[in-house]
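Colleague: Got a structure here, written out as structure tokens. Questions coming.
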């Protein structure tokens, strides 16, 4: 499966949908982004059940700014609308595959329960 380009208008509906979404924030002038791009594409091809999306931070400055993207590449991973990972820096293929495996193996009911407890605690 190829990657999807996200914009300010499509970002939220994509990352809040059911399943796993991995987002690569990049720019054309970024050397590490150019090195990471083929890795992202290769892992995308090996995992057709996952949404792999890219945000061009030059074209989508408002979106990148609203998400606090300070350096690129930055990878974010969402599952069922919950952000589970965000880290700047190009990842080796094995690290990206390992992250994907970890996200697949998460018990999302437990994650939602933990988030609800944290929300209750901050409301006190």
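Colleague: Kindly establish whether residue 19 is touching a residue at least 60 places away in the same chain (Cβ under 8 Å), surrounded by fewer than 20 Cβ atoms within 10 Å (Cβ to Cβ) and closer than 20 Å to residue 98 by Cα.
Modeller: yes
Colleague: Out of all the residues in the stretch 56-65, which are in a helix (DSSP H, G or I), without any contact (Cβ under 8 Å) to a residue 40 or more places away in the chain and under 15 Å from the mean Cα position of the chain (by Cα)?
Modeller: Listed by number, the list holds a single entry, 64.
Colleague: Is the stretch 80-89 home to any residue that is buried (at least 19 other Cβ atoms within 10 Å of the Cβ) and either touching a helix residue (DSSP H, G or I) at 6+ places or on another chain (Cβ under 9 Å) or part of a strand (DSSP E or B) (or both)?
Modeller: Checked the stretch 80-89: no residue is buried (at least 19 other Cβ atoms within 10 Å of the Cβ) and either touching a helix residue (DSSP H, G or I) at 6+ places or on another chain (Cβ under 9 Å) or part of a strand (DSSP E or B) (or both).
Colleague: Separate question: Would you say residue 72 is in a loop (DSSP other than H, G, I, E, B), touching a residue at least 12 places away in the same chain (Cβ under 8 Å), surrounded by 19 or more Cβ atoms within 10 Å (Cβ to Cβ) and touching a helix residue (DSSP H, G or I) at 6+ places or on another chain (Cβ under 9 Å)?
Modeller: In short, yes.
Colleague: Does the stretch 22-44 include one or more residues that are touching a strand residue (DSSP E or B) at 6+ places or on another chain (Cβ under 8 Å), in a helix (DSSP H, G or I), more than 21 Å from residue 94 (Cα to Cα) and modelled with pLDDT of 95 or more?
Modeller: Looking through the stretch 22-44, none of the residues is touching a strand residue (DSSP E or B) at 6+ places or on another chain (Cβ under 8 Å), in a helix (DSSP H, G or I), more than 21 Å from residue 94 (Cα to Cα) and modelled with pLDDT of 95 or more.
The values are calculated or read from the model by the stated rules, or taken from the named source; none is laboratory data. From a predicted model like this one, the values you see are computed outputs, not experimental measurements. Please note: Cβ atoms are built from the backbone with ideal geometry, for glycine as well, and neighbour counts cover all protein chains shown.
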